[in-house]
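As structure tokens, the structure follows; a few thoughts come after it.
The values are calculated or read from the model by the stated rules, or taken from the named source; none is laboratory data. All of these numbers come straight from a predicted model, not from anything done at the bench. Counting neighbours? That spans all protein chains shown, and the Cβs are built from the backbone with ideal geometry, glycine included.
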Amino acid sequence: MALWAGRFSKEVDATVNAFNSSIAFDARMYAQDIRGSIAHATMLGDCGIIAKSESEAIVKGLQGILADIESGVLEFDPNAEDIHMFVEAELTKRLGDTGKRLHTARSRNDQVALDIRLYLRDEIDEIAKLVHELTGTLCDMAEQHTETVMPGYTHLQRAQPVTFAHHLLAYAQMLRRDLLRLHDVKERMNESPLGCGALAGTTYPIDRWQTARLLEFDRPTDNSLDGVSDRDFCVELCCALSLIMTHLSRFSEEIILWCSWEFKFVELDDAFATGSSIMPQKKNPDVTELIRGKTGRVNGDLMTLLSMLKGLPLAYNKDMQEDKEAIFDAIDNVKLCVKTFIPMLKTMRVLKDNMRKAAAGGFINATDCADYLVKNGMPFRDAYKITGTLVAQCIREGLTLETLPIAEYRKMSDLFNEDVYEAISLEHCLKERSSFGGPSPQAVAEQLEGLRYELEQINWWEWTEQV
Ligand code: ARG
């Protein structure tokens with residue numbers, strides 16, 4: 001029989017019951033639900049709203065339920081409406097009338113708003129640890145490749161020389177910001193909605209600061225309607241997750257290209273690639289393709305959340321139950337992707353010689369050739385034009401700027417001398433790109449040092465309370 005049987009003359013239709021129920025996906029918040037209830041019951045006892053003895057019995061009862069769920073003795077009832085109803089019903093089964101006192105001065109609306117915050121807060125830490133590890137992995141790899149020359153691209157056309165280290169650290173920087181974003185999301189959502197009640201607070205003398213403290217929130221939310229109504233923190237988190245996926249997806253796309261015979265810059269370990277059912281020669285980068293694919297899915301989760309919220313009048317509406325599958329799906333997929341990505345990167349073979357060969361073609365030193373003239377006194381636009389003409393000549397004659405005879409250079413400008421060959425050598429081009437944040441080995445080493453230092457600081461899950 002339903003909890004609200006007093007008001008109704010019929011049982012809920014079985015189809016509606018199944019349709020309405022969320023236990024299939026919100027059961028994963030059981031630990032958070034119980035933790036919230038323990039804090040609530042403790043506060044009810046301390047404020048004299050229920051007897052101390054009953055509060056203590058409820059806390060013990062809840063701890064027993066938690067232990068039994070964790071040991072597998074207690075299974076979730078698929079007919080329960082949600083995890084909140086399930087735990088409360090189980091408590092009442094165990095304690096009788098005392099169990100019925102737990103829901104005093106509380107609603108499922110503040111309860112669910114609390115549980116989801118508690119749950120996401122823990123998950124944010126888990127995701128951040130993984131992203132942190134991935135960023136560290138990129139730093140380790142970069143350290144090995146500060147001299148590994150490769151072409152940098154724009155429009156997927158060879159553009160200017162960079163190193164593999166510099167390229168890897170570009171992703172490490174994106175992930176560093178992802179970490180900071182996760183941190184911000186967690187900070188902003190760290191207010192307790194418990195005590196907002198259904199929507200309008202309560203007439204009991206509750207202590208919202210106490211429950212907030214017990215549950216390690218910074219403070220209670222200021223407005224009871226807002227506390228139960230918004231899911232902006234789900235949206236923000238999902239947005240941060242979408243960006244993590246976007247970064248992984250761009251990286252994946254590059255790895256897919258690099259694995260092709262057209263590039264052959266890297267080779268995936270056999271354990272992180274798959275074959276074809278028909279073509280014996282194939283080695284496919286499925287992992288990276290799946291990451292690229294799942295990015296669309298996480299973006300979809302973000303749209304689900306935004307669309308779910310956009311037309312809802314205050315306060316709680318059942319539409320909000322749809323928040324969970326979306327945000328859980330995003331969390332699960334991001335964790336899965338990062339967990340797979342790390343060992344895939346660690347075991348990936350970097351084919352330096354092919355990168356270098358690609359860097360030697362495609363005239364990626366043309367800017368440096370123009371800069372040579374500029375450094376000898378010519379205005380940049382003129383130098384640009386002369387170099388463009390020389391490149392066109394090289395293409396016509398099957399030459400490179402390195403193999404073009406000095407006589408040909410001097411036909412275009414007598415500012416050219418033998419030392420132009422040194423100025424356009426790949427090593428020189430790279431070494432000279434030493435502006436702050438640039439790809440020269442020295443600049444990259446400094447970037448790496450800064451990043452490593454920052455990574456040591458952004459590990460908030462290890463920060464201990466400063467008293
Ligand atoms: N299962 C619901 C959810 O996930 C819990 C809150 C239900 N509240 C209500 N008044 N029906 O949102």
Test each condition in (1) touching a residue at least 40 places away in the same chain (Cβ under 8 Å); (2) part of a helix (DSSP H, G or I); (3) among the hydroxyl-bearing types (Ser, Thr, Tyr) for Thr400 and report the one that comes out false.
(2)
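Can you tell which of Gln442, Gln393 is assigned to a helix (DSSP H, G or I), among the polar types (S, T, N, Q) and within 36 Å of the chain's Cα centre (by Cα)?
On the way: Gln393 fails: within 36 Å of the chain's Cα centre (by Cα).
Answer to the selection: Gln442.
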Which listed residue is part of a helix (DSSP H, G or I), at pLDDT 95 or above and farther than 30 Å from Leu199 by Cβ, from Lys264, Lys324, Lys294
Lys294
When the range 314-341 is examined, which residues are found to be among the polar types (S, T, N, Q) and away from the ligand (no atom under 16 Å from the Cβ)?
Asn333, Thr340
So, of the residues in the range 399-439 that are of a type in the set (A, V, I, L, M, F, W, C) and under 43 Å from the mean Cα position of the chain (by Cα), which turns out to be farthest from Lys357 (Cα to Cα)?
Phe436
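If you scan the range 421-454, which residues turn out to be among the aliphatic types (A, V, I, L, M) and out of contact with any Lys or Arg (no Cβ under 7 Å at 6 or more places or on another chain)?
Within the range 421-454, the first condition is being among the aliphatic types (A, V, I, L, M), and the residues that meet it are 423-424, 426, 430, 443-445, 448, 451.
Ala423, Ile424, Leu426, Leu430, Ala443, Val444, Ala445, Leu448, listed by residue number.
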Enumeration of residues in the range 90-111 that are more than 14 Å from the ligand (Cβ to nearest atom) and in contact (Cβ under 8 Å) with a residue 60 or more places away in the chain:
Leu102, Thr104, Ala105
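Restricting attention to the range 344-392, and to residues there that are of a type in the set (S, T, N, Q) and surrounded by fewer than 15 Cβ atoms within 10 Å (Cβ to Cβ), which single residue is nearest to Tyr421 (Cα to Cα)?
Let us first name the residues in the range 344-392 that are of a type in the set (S, T, N, Q), namely 347, 354, 365, 367, 376, 387, 389.
Still in the running and surrounded by fewer than 15 Cβ atoms within 10 Å (Cβ to Cβ): 347, 389.
Values: Thr347: 38, Thr389: 17 Å.
Ranking the qualifying residues of the range 344-392, first place goes to Thr389.
Check every one of the helices (runs of 4 or more DSSP H) wholly within the range 1-87 and list those with 3 or more residues that are of a type in the set (Asp, Glu), modelled with pLDDT of 95 or more and farther than 19 Å from Pro193 by Cβ. Can you show your working first?
Numbers: elements: 14-20, 23-26, 30-46, 52-71.
Result: 52-71.
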When the range 381-408 is examined, which residues are found to be more than 21 Å from Pro151 (Cα to Cα) and touching an Asp or Glu at 6+ places or on another chain (Cβ under 8 Å)?
Ala383, Gln393, Ile406
Return yes when Gly96 is farther than 24 Å from Lys335 by Cβ, of a type in the set (Gly, Ala, Ser) and modelled with pLDDT of 95 or more and no when it is not.
yes
Cβ-Cβ under 6 Å, sequence separation 6+ or interchain: first residue in the range 313-327 and more than 10 Å from Asp301 (Cα to Cα), partner within 7 Å of the ligand (Cβ to nearest atom) and assigned to a loop (DSSP other than H, G, I, E, B). Which pairs?
Gln321/Ser22
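Residues are listed down the side, and each one gets a yes or a no for (1) farther than 30 Å from Phe263 by Cα; (2) of a type in the set (Lys, Arg); (3) out of contact with any strand residue (DSSP E or B) (no Cβ under 9 Å at 6 or more places or on another chain):
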residue: Arg94; (1), (2), (3): yes, yes, yes
residue: Arg101; (1), (2), (3): yes, yes, yes
residue: Arg117; (1), (2), (3): yes, yes, no
residue: Ile124; (1), (2), (3): yes, no, yes
residue: Asp140; (1), (2), (3): no, no, yes
residue: Thr148; (1), (2), (3): no, no, no
residue: Leu169; (1), (2), (3): no, no, yes
residue: Arg188; (1), (2), (3): yes, yes, yes
Single match in Leu169, Leu175, Leu114 (criterion: on the phi < 0 side of the Ramachandran plot, within 16 Å of the ligand (Cβ to nearest atom), assigned to a helix (DSSP H, G or I) and not aromatic (Phe, Trp, Tyr))
Leu114
